[in-house]
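Here is the structure we will look at.
Nothing in this text is a laboratory measurement; each read-out follows from the coordinates by a stated rule. Every value quoted in this text rests on a predicted model; they were computed, and no experiment measured them. Here the Cβ positions follow ideal geometry from the backbone for every residue, glycine too, while neighbour counts run over all protein chains shown.
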Amino acid sequence: MFRIVVFVSGRGSNLKSVYNSIVNGKIKAHIFAVVSNKKDCGAIDFAKRKNINTYFVSSLNKVGSVSYSELVNIFESNRVNLIVLAGFLKKIPDYFVQRFEFKIINIHPALLPFFGGKGMYGKNVHRAVFNSGTKVSGATVHFVDTIFDHGLIIAQQCTDISNAKTPEAIAEKVLKIEHKILPVVVKKFVERKVKVESNRVFLLE
Ligand code: GRF
């Protein structure tokens, strides 16, 4: 069975969207674990309620935590196929990213390569989009490399925000798109229908 790990830091609505697609049979995979840099957050509560293994990751050796190098061993010995960053707010160490090259994806709540990079997360993204006056925003799923929000783009979908009166209104529209495209992309990985060629990513039918 294809094994997925989801990294989270917050409420976990994207985790739920992937989980629900698995439960309703659309994605034939198993969530092997949920990893967080927060001991308590909505996403971790959800994972515990669903009896999914949870790990608290820290580079600082905090009580009850695992390190990234321990996670490498756990994921390799359990043959994890895909790591999904779904609202994970910490930068992952380069050696970890390199070890799982083309196996880590992230969902970003804007249309990369714009409105990404260090500090561009959560509300900051939507505020920047709002202040820019742009009429469209959307969500991007991309491979993770060692630079923030920089890896190859896998999928994007846009939404009209010309009537949005606040950054929160943009966030709400974009989140609906996130919940659609993330499970679609994960399913493509499970079905081995993601191909990288000439620095572009193709999702096969
Ligand atoms: C989402 O907007 C995601 O794109 C961003 O952080 C937010 C996480 O939301 N990286 P949730 O925890 O999945 O509800």
Please enumerate the residues belonging to segment 105-132 that are in contact (Cβ under 8 Å) with a residue 40 or more places away in the chain, surrounded by fewer than 22 Cβ atoms within 10 Å (Cβ to Cβ), of a type in the set (A, V, I, L, M, F, W, C) and not in a loop (DSSP other than H, G, I, E, B). Phe130
Residue within segment 24-41 that is surrounded by fewer than 16 Cβ atoms within 10 Å (Cβ to Cβ), away from the ligand (no atom under 15 Å from the Cβ) and free of Cβ contacts under 8 Å to residues at least 24 places away in the same chain present: yes
Condition broken by Lys91, with the remaining ones in (1) assigned to a loop (DSSP other than H, G, I, E, B); (2) within 14 Å of the ligand (Cβ to nearest atom); (3) crowded, with 16+ Cβ neighbours inside 10 Å satisfied: (3)
Count of segment 133-154 residues which are surrounded by 20 or more Cβ atoms within 10 Å (Cβ to Cβ) and more than 26 Å from Asp94 (Cα to Cα): 2
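Residue by residue, here is whether (1) touching a residue at least 40 places away in the same chain (Cβ under 8 Å); (2) of a type outside the set (Val, Ile, Thr); (3) over 17 Å from Lys26 (Cβ atoms); (4) surrounded by 12 or more Cβ atoms within 10 Å (Cβ to Cβ) holds:
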{"site": "Gln156", "(1), (2), (3), (4)": "yes, yes, yes, yes"}
{"site": "Lys165", "(1), (2), (3), (4)": "no, yes, yes, no"}
{"site": "Ala171", "(1), (2), (3), (4)": "yes, yes, yes, yes"}
{"site": "Leu175", "(1), (2), (3), (4)": "yes, yes, yes, yes"}
{"site": "Glu178", "(1), (2), (3), (4)": "yes, yes, no, yes"}
{"site": "Leu182", "(1), (2), (3), (4)": "yes, yes, no, yes"}
{"site": "Val185", "(1), (2), (3), (4)": "yes, no, no, yes"}
{"site": "Leu203", "(1), (2), (3), (4)": "yes, yes, no, yes"}
